[in-house]
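Notes follow the structure.
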């Protein structure tokens, strides 16, 4: 077998580890690498659905409101639910 040499030390150590694998493991690794290089088929419907799900997840991380009412209705319901109205001093 021809000796391989690379300038990057991490590549040399990784290659040494790979050369020590069994034949079945090497075949499985090669198959996974080949699969990762195949072009991805684009499905516009699936992409839109995935984009919608990502957007929903994004906004849910910020505690977005999920409900039928508007923000004004939510604020009014919170305001009306208060039972005490504290006296506030004027700030001069």
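Laboratory data are not the source of any read-out in this text; all were calculated from the coordinates shown. Values in this document were obtained by computation on a predicted structure and should not be read as measured data. Using ideal geometry, Cβ is built from the backbone for each residue, glycine included, and neighbour counts are taken over all protein chains shown.
Structural remarks
- Entry for percent of Cα pairs over 21 Å apart (calculated from the structure that is shown) out of (i) 71; (ii) 22; (iii) 40: (i)
- Remark: spin-label model distance residue 84-residue 51 equals 5.1 nm, labels positioned 7 Å along the Cα→Cβ axis.
- Using the Cβ-Cβ distance between residue 15 and residue 43 with R0 set to 22 Å, the FRET efficiency works out to roughly 0.05.
- Only helices enter the 222 nm calculation for the chain: every DSSP H run of n ≥ 4 contributes -39,500 (n - 2.57), and dividing by all residues gives -19000 deg cm²/dmol, rounded to 500.
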